[in-house]
Amino acid sequence: MPGVVALDAMGSDRAPRPEIEGAIQAARRFGISVTLVGPEETLRAELSRHSAAGSLPISIAHASEFITMDDKAVQAVRAKRDSSMRVGLRLVREGLASAFITAGNTGAAMATAKMVLGGLPGVDRPALVAIIPTAIGSVCALLDVGANVDCKPHNLEQFAVMGDIYFRSMFGVAKPRVGLLSIGEEEGKGNELTRESYDLLKQLPIDFVGNVEGRDLYKGDVDVIVSDGFVGNVALKTSEGVAHLVRQVLKESLAATITSQVGALLSRSAFADFKKRLDHTEYGGAPLLGVKGACFITHGSSNTNAIKNAIRVAAEFVQREIPLSIEREFAALHSKSVAQ
């Protein structure tokens, strides 16, 4: 595993408890060094509740301020210069941490990352990637899921390239199948953005399979799905809502119909496996592709398991040198286009 992962300990809705408990579990289970970023006195008080923390590779970087979910992103980034987000991202920029994770204000995290880390050459806008489970046991990467509400066709073109690189690097698929999220599979379907983007994606050196629909997120027939951030975020949040509904309905149905003790044990085991497959906390945070470094953003409602897995995935992301791969491949594409 790579060096230190910086964790915004004041980001989640119940901070700093989930962050500290997640850091302890990640350090204990995966051996990852974690730097908690936030008000030192507050974090030390919470750490003192865990006797095992003293023997783990966990440190604290003091930040006197933190950005709340109610803060307006741009104003907070400018006004709170010693926020836990800014301090944590500075650690990455200065080489004192290999990755940064926050469960805080998404808009503020993206603005701070772009300001502190800067963008990769050739990438106009970074994109957030979400991992979605499929019916065949694989996963699908959806991007963008909220970093860019309004996009131009060339933005989606860049998202497709970054998504292809990310999926190859993280999941070992030599040639990921890349689709464009639209309202029909036919080439002419969709709005002006998707129709123009389709023409650009056809020319890329990727395995572009054409338009895909919302239901294709879960089939396993495509590995990467590209969208603007508005549509992608709606698709992601709808997916999470449906998953929660299915888990709840199934749980209630099993409780009402299983009567024998053996049947209850079997159904409990099956339900636990089913719940884990649909649990977004198992997949870690969403990487912000296109910035100079590793920045992950996860849910404000993140629990201990979500934080633990975000730390694990961030460490793997750094180990696979994905930002460097994106930079190299964009440079190669630019050189090729200039030569032509």
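A short reminder: the numbers here are calculations on the coordinates, not readings from a lab. Predicted, not measured: the structure shown is a model, and the values here were computed from it. No Cβ is skipped: glycine too gets one built from the backbone with ideal geometry, and neighbour counts run over all protein chains shown.
A few points about this structure:
- For the chain, built as a Gaussian network whose Cα springs stay under 10 Å, the top-fluctuating residue of 152, 308, 251: 251
- Loop-located GluC sites (Glu not before Pro) across the range 150-219 with a Cβ neighbour count of 15 or fewer within 10 Å are 185, 186, 187, 213, with loop assigned by DSSP.
- Long-range HN-HN contacts of residue 210 with modeled amide H, under 5 Å: 180
- Note on the chain: with a GNM built from Cα contacts shorter than 10 Å, the maximum mean-square fluctuation among 180, 142, 193 falls on 193.
- Extension gain, residue 203 back to residue 221 (0.36 nm per residue minus Cα-Cα distance, nm): 4.4 nm
- For the range 112-246, the orientation-averaged shadow of the C-alpha convex hull comes to 8.4 nm² (one quarter of the hull surface).
- Among 144, 82, 70, residue whose mean-square fluctuation peaks in a GNM of the chain (springs only between Cα atoms under 10 Å): 70
- Percent RCO, i.e. relative contact order, over the range 59-129, from Cα pairs under 8 Å lying at least 6 residues apart: 33 percent
- Taking each DSSP H run with n ≥ 4 as -39500 (n - 2.57) and averaging over every residue of the chain yields -15500 deg cm²/dmol at 222 nm.
- Hull volume in cubic angstrom per residue (convex hull over the Cα atoms of the range 1-111): 88 Å³
- Mean Cα-pair separation over length for the chain, i.e. relative contact order, pairs under 8 Å, 6 or more apart, %: 23 percent
- Diffusion coefficient (Stokes-Einstein, Kirkwood radius over C-alpha pairs, 4 °C, 1.567 mPa s) for the range 150-223: 104 µm²/s, rounded to a whole number.
- In this structure the amide hydrogen of residue 147, modeled in the peptide plane, comes within under 5 Å of the amide hydrogens of 128, none closer than 5 places in sequence on its chain.
- The range 1-26 versus the range 36-71: alpha-carbon centroid distance in Å: 8 Å
- Square roots of 5 times each gyration tensor eigenvalue, C-alpha, the range 99-166, largest first, Å: 22, 17, 11
- Distance from the range 78-111 to the range 178-221 (C-alpha centre basis), Å: 34 Å
- Whole-percent P(r), the range 60-141, all Cα pairs, 5 Å bins from 0: 3, 13, 22, 20, 16, 11, 7, 5, 2, 0.
- Taking the C-alpha atoms of the chain, convex hull volume expressed per residue in Å³: 149 Å³
- Across the alpha-carbon atoms of the range 59-101, the computed radius of gyration and Dmax are 10.8, 31 angstrom.
- Note on the range 21-84: Cα-only Rg and Dmax are 13.9, 39 Å.
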